[in-house]
Amino acid sequence: MSAVIDLPPVRSALRVVGEDVPVPVSAGGTVPYSNLDYAASAPCLEAVRNAIDTALPYYSSVHRGAGYASQVTTDRYEQARDTVRNFVGAWKRDAVVFTRNTTDAMNLLAHALPPGTTVVVFETEHHASLLPWQRGSRVVRLPAPGSPAEAVAAAGEALRSAPAGPRLLVVTAASNVTGELWPVAELSHVAREHGARIAVDAAQAVPHRPFDMTALDVDYVAFSGHKLYAPFGAGCLVGRADWLRAAEPYLLGGGATAGVDEAQVRWSADPQQRHEAGTPNVLGVVALAAACEALTDWDALVATEERLLNRLRDGLAAIPGVRELSLWGEPSPRVGIVSFVVEGRDSRAIAVELSDRYGIGVRDGKFCAHPFLRRLLADGSGDCQGGEGTALRASFGIGTTERHIDRLLTALRRLAG
């Protein structure tokens, strides 16, 4: 293994809160925490914390308050929509509906589908994108494709064979299990060929790569703040407004209405207000927008991530008994997410030892992608929280250094030996 070169984060403005925070270990004392669980929840950016600190003194109600603090808060909240639109390259006319997370956003879109919609989705999806369509839609679930070209061909055939009516293709931009990038542009093209729309789960993509809805010709994109260094409970659905405008409100209550009397309720014609009933998570939205504004130096971020990713994958490949999980193999481009198994060892036990003995945080389980992990492991036993049929996942991002990667590799060599 090459010598440790403990480089600082790419930009000082992009430091994360809690870098190398001390954590206890079983031998006694503390060690700096090595956080390799970004794909579950990324740490907070300093820029995001600063935005929250700035917003808090003026925190108030939104949309209906006449006071100065309410006006400031409303302006911040509504400006966040434009920030998010710009971040994902959406059209000005596209709706930005703030939700709790990607799961909430995908359920909102499922709620808004016109009657008779056929939804085509791969079994490789996270449950957030795999399950919401089961209520009232015709779902075509495609098996894991053997290559990106197979994915495009399978999606095209499924859409071609679908009955008349609305059609929606649902796909991830980056797998939460393997980190592999999916051919979104090609899938969008085949969707257009068959008169379908396309919705993209970008939860694991947008923290690692720029995403441009217009260039990719995508109709809907969903992602979560807690994956994007803004862990304050907000996410979003961005996309075409017509289905959202025509659907009944996702939640019934204040803010979704244009008028209420004894005889009827008139719902807001604005699809954003229509589906944001109740007082929204204003600070979560401020945090989400701040993260979007902070993530601009993509060339440097991607270069750093590629270097760390190669170091991790090469190191894992050199440890006897460790097998990386991959759908499309070695050459497939991916983000900073690597899942693997240790031959003859329980994944939960390994994860616990990494934490207790070495102060290293990784994820173990089925990563809320049960069908996909069964496909990768060819093992249908176990559950999402541990036991047989599970794997380990190391994921990283801003704030990760070569030292964090090397600490994991050193610990795994000892535990796998």
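The values are calculated or read from the model by the stated rules, or taken from the named source; none is laboratory data. Just so it is clear, the structure is predicted and the values come from calculations on it, not from any experiment. With ideal geometry, Cβ positions are generated from the backbone for all residues, glycine too; neighbour counts draw on all protein chains shown.
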Item to check | Of all residues in the range 166-203 being farther than 17 Å from Leu373 by Cα and in contact with a His (Cβ under 9 Å, 6 or more places away or on another chain), the one that is surrounded by the fewest Cβ atoms within 10 Å (Cβ to Cβ) | outcome: Arg167
Checklist outcome for this item: The condition of being among the hydrophobic types (A, V, I, L, M, F, W, C) and either touching a helix residue (DSSP H, G or I) at 6+ places or on another chain (Cβ under 7 Å) or not assigned by TED's automatic domain parsing to the domain that holds Val282 (or both) holds, among Leu142, Leu131, only for Leu142
Item to check | Filter result (touching a Cys at 6+ places or on another chain (Cβ under 7 Å) and either free of Cβ contacts under 8 Å to residues at least 12 places away in the same chain or in a loop (DSSP other than H, G, I, E, B) (or both)) within the range 11-45 | outcome: Val17
Item to check | Count of residues meeting criterion [over 14 Å from Ala205 (Cβ atoms), of a type outside the set (A, V, I, L, M, F, W, C) and in contact with a Ser or Thr (Cβ under 9 Å, 6 or more places away or on another chain)] in the range 162-190 | outcome: 4
Checklist entry - If only one of Ala151, Ala164, Ala144, Ala199 is part of a helix (DSSP H, G or I) and over 12 Å from the mean Cα position of the chain (by Cα), which one is it? => result Ala151
Checklist entry - Any idea how many residues of the range 388-415 are at pLDDT below 90 and not in a loop (DSSP other than H, G, I, E, B)? => result 0
Next on the checklist: Just checking, does the range 68-86 include any residue being buried (at least 20 other Cβ atoms within 10 Å of the Cβ), in a loop (DSSP other than H, G, I, E, B) and not basic (Lys, Arg)?
Outcome noted: no
Checklist entry - Can you name the residue in the range 401-412 that is buried (at least 16 other Cβ atoms within 10 Å of the Cβ) and charged (D, E, K, R) and is also nearest to Glu306 (Cα to Cα) among such residues? => result Glu402
Checklist entry - So which residues in the range 331-354 are buried (at least 21 other Cβ atoms within 10 Å of the Cβ), outside any helix (DSSP H, G or I) and among the polar types (S, T, N, Q), if there are any at all? => result Ser339
Next on the checklist: Looking at the range 313-323, can you tell me whether even one residue there is closer than 21 Å to Glu123 by Cβ, buried (at least 20 other Cβ atoms within 10 Å of the Cβ) and not assigned by TED's automatic domain parsing to the domain that holds Leu130?
Outcome noted: no
Checklist entry - How about the range 355-387: which of its residues are more than 25 Å from Leu308 (Cα to Cα), part of a strand (DSSP E or B) and modelled with pLDDT of 95 or more? => result none
